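Beneath this line is the structure, given in structure tokens, with notes to follow.
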Amino acid sequence: MQFEEGSLIHLVAGGTSVFRIIELGVDGDPTKALVQAVGDGPGTYPWTTDLTYAVPAEQP
């Protein structure tokens, strides 16, 4: 699935946490993205993840 920077996603189908894509293609790898959790709470810092199983999320 193709995503854009700013897209809201779940890292896996059925996931409950929502993340925003900040940057696509981290380190030249199109399956990697810099994401950040949406909403308040611990762990809202950006981090790199694999988008292989990511699915679009609805607006929180």
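The values are calculated or read from the model by the stated rules, or taken from the named source; none is laboratory data. A quick note: this is a predicted structure, and the numbers were derived from the prediction, not measured. Note that each Cβ is placed from the backbone with ideal geometry, even for glycine, and that neighbours are counted across all protein chains shown. Ligands, DNA and RNA are excluded from the accessible area calculation, which covers all protein heavy atoms including side chains. Shrake-Rupley method; radii C 1.70, N 1.55, O 1.52, S 1.80 Å.
Structure values in brief
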read-out: Members of segment 6-25 found to be more than 12 Å from the chain's Cα centre (by Cα) and either among the hydroxyl-bearing types (Ser, Thr, Tyr) or on the phi < 0 side of the Ramachandran plot (or both), listed by number; value: Ala13, Thr16
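Quick grid of which residues meet (1) in contact (Cβ under 8 Å) with a residue 40 or more places away in the chain; (2) open to solvent by 80 Å² or more (accessible area, probe 1.4 Å); (3) not in a strand (DSSP E or B):
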{"position": "Gly6", "(1), (2), (3)": "no, no, yes"}
{"position": "Ile9", "(1), (2), (3)": "yes, no, no"}
{"position": "Ser17", "(1), (2), (3)": "no, no, yes"}
{"position": "Ile21", "(1), (2), (3)": "no, no, no"}
{"position": "Ala33", "(1), (2), (3)": "no, no, no"}
{"position": "Gly39", "(1), (2), (3)": "no, no, yes"}
{"position": "Tyr45", "(1), (2), (3)": "no, yes, yes"}
{"position": "Thr48", "(1), (2), (3)": "no, no, no"}
{"position": "Glu58", "(1), (2), (3)": "yes, yes, yes"}
